[in-house]
Structures are given as structure tokens and as C-alpha cells.
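What follows is one structure encoded as C-alpha cells, with my remarks underneath.
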Amino acid sequence: MSRTVYVNGEFLPEENAKISVFDRGFLFADAAYEVFPVLGGGIADADAHLARLARSLDELNFPTFYTPDEYLPLLKTLVRNNKLEEGLVYIQVSRGIQDRDFNFPKNTDPSVVMFTQQKSVAENPVAKTGISVITVPDIRWQRCDIKTVGLLPACLAKAEAARQGADDAWMHDEDNNITEGSSNNAHIITQDGKLVTRQLSNAILHGITRVSVLKLLEQTNLILEERPFSIAEAEAAKEAFCSSASAFVMPVVKINGVEIADGKPGPHAVKLRELCIGAAIESAAKAQATRPKRSVKVKSA
Ligand code: PDD
């Protein structure tokens, strides 16, 4: 069934949702994006994701920012129109359409695209067995805190993981310390019960799910240590997991072919996953309570 997609002010059937070849997102990756989890038809952590989008656009010197008040009803309408119960909703904002020129355009409106994806984000069977990761050099730029669509290094990392028969890749810096996953934040639990996760900086995306996990630590007996950790430390960890809007907490059971503990999801990762999904369900339900009342009409071809 065709989805409804939002493009620059219109809700369109996906086959009619088109963007100009002169869009700066297409030509220069001059665009930022966000991915929100959808549970029970509601959007979780919407405010935090929209605040991060605002920050990304601000850091990229976008001239216009549409406030959450403007984006949120559109995202909710899209989820509702597509009858999406569980999955993701995506938003991308580019600097707009202009004949190819590196310099920023003067009076161009940003392009805004939104679409939904049906996906088992909470009811994900993969979480029961956990995933394997390899480590690859982090070849990204120095502003990984900005969520831009310049994702080729992440695609290369995931493709290399697939080539080696692994599920995903964790990236490492020149000191062999893990920065983050290709599309998630990386965490380990040490043998002495510390949750170690890299501290916030321009080297990693400031994950919304990471914030949620750290908040939930008070419901565990884990002690938080925000610092870099090495590949060797990760391979010797008691548990490992990654966090993201599309997977919440996902246990990692193998790093570079080395089994973590007994090669099964660890109890802390399992508990944090449960708590994290619980918090997201609550947040999504709150958002549902204030959903827009009417569906919008989709423009036909
Ligand atoms: N990725 N680090 C990177 C490089 C990411 O791309 C993501 C998210 C995260 C986790 O952030 P959050 O918890 O806010 O989702 C960390 C999304 C899911 C994506 O690109 O599909």
C-alpha cells in the first residue's frame, strides 16, 4: 500500500512525492534529519528530537527554523494518515533548492520532507539473541554532534559489517577508542558493574535514547562512567549494547568475533531495554493524547 509522504507543504502519495534535483540536500548533503520512534500510534520523545533538529539547523547556520509547534502537528498527522502503530517517522530539512552553487542561497526556503516506516521497534525479535558488531575506523567529519544526512561513512561501515557477516559496526578513533555505532550510541558494562559510555563531544551524536538510558540507570545498581573506552575493553566487557531511536537498547553479544560473556544478551542490557521501551511507550501515549483531530486530505496525482 502506498504511504502518504509530506513534501514542502503537501501530503502526497509516495509515488508522487518528489524533490528537485537542485535540492541542496541532494547535491551537497546540506540537510539535517531526525528519526522518531512511533509506539501505539504515538510519537515518543518528540520534543527532544525536535530540539536536536533545531540545534543541528542552528549549527549549520540555517536561516529559517520552524518551531516544534509547526513541525509536530505535521508529523502527527502523517503518522495518523498512514495508520502507523509501530515504527519510525523521519523528517529531513534541507537548505532548499538553488542552481548548483557551494555558497548558501540568499532567499531560499528550506525543503521539508517527512515519511513513516513500519518497523518492529519494540517487538523486535533480534533483541532476544542480540547482535554482532565489528569495529572500523571512524572516518567521519569533526561535527558528528550535528545530525546531517552526510551518512556515507555510516553506509560504508554497515556494508563492511555485512561483508564480514556481522550485524553492525562500531567506529573507533585514532587511539582505538570507540566513538559510537554506525547509527547508534555504544555502551559497555564492565566486570565491576560500571556502565561506560563515551562522554558527549563533537565526536558523537548526542543520542536521545542515550539520555533516556542514563536516566534509567537509577533503577539499576550500575554506576555511570562517561569516558572513552577502547576496543580491547569492549571485547573484555561483561555486557555491551547500543542505543538508538530505531532499536531502543539493543544487546551486543559479539565484538570482532569475540563473544561477550556467554554470547547471550546480558541481564542489565535486557532490563535497560525493557525500561527504555516502557519510558518510550509512556512518552508516546502522552503525545497521542494531544494528537490532531482530523486527518488531512492527500493530494491525488
Ligand atoms: N540514528 N549515533 C548515530 C551516529 C546515529 O545515527 C544515531 C541515530 C544515534 C542514536 O541517537 P538517538 O538515540 O537519538 O536515535 C547515535 C538514527 C536512528 C538513524 O539515523 O536512523
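The values are calculated or read from the model by the stated rules, or taken from the named source; none is laboratory data. All values derive from a computational prediction rather than experimental measurement. Virtual Cβ from ideal backbone geometry, glycine too; neighbours counted across all protein chains shown.
Details
Here is a yes/no grid of residues against (1) in contact with a strand residue (DSSP E or B) (Cβ under 6 Å, 6 or more places away or on another chain); (2) modelled with pLDDT of 95 or more; (3) within 22 Å of Ala166 (Cβ to Cβ); (4) exposed (fewer than 15 other Cβ atoms within 10 Å of the Cβ):
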| site | (1), (2), (3), (4) |
| --- | --- |
| Thr209 | yes, yes, yes, no |
| Ser212 | no, yes, no, no |
| Glu235 | yes, yes, yes, no |
| Arg273 | yes, yes, yes, no |
| Lys286 | no, no, no, yes |
| Ala289 | no, no, no, yes |
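- Of the residues making up the range 34-47, those that are more than 18 Å from Cys144 (Cβ to Cβ) and surrounded by fewer than 21 Cβ atoms within 10 Å (Cβ to Cβ) number 3.
- Helices (runs of 4 or more DSSP H) within the range 137-243 that include 2 or more residues within 12 Å of the ligand (Cβ to nearest atom) and under 24 Å from Ala279 (Cβ atoms): 208-216
- On the stretch given as the range 257-272, residues that are under 25 Å from Leu224 (Cβ atoms) and in a loop (DSSP other than H, G, I, E, B) total 6.
- Condition check for Val79: part of a helix (DSSP H, G or I), β-branched (Val, Ile, Thr) and either more than 15 Å from the ligand (Cβ to nearest atom) or modelled with pLDDT under 95 (or both): yes
- Residue in the range 33-58 that is farthest from the ligand (Cβ to nearest atom), counting only those that are in a helix (DSSP H, G or I) and of a type outside the set (A, V, I, L, M): Asp58
- Within the range 84-123, tally of residues that are without any contact (Cβ under 8 Å) to a residue 40 or more places away in the chain and under 22 Å from the mean Cα position of the chain (by Cα): 4
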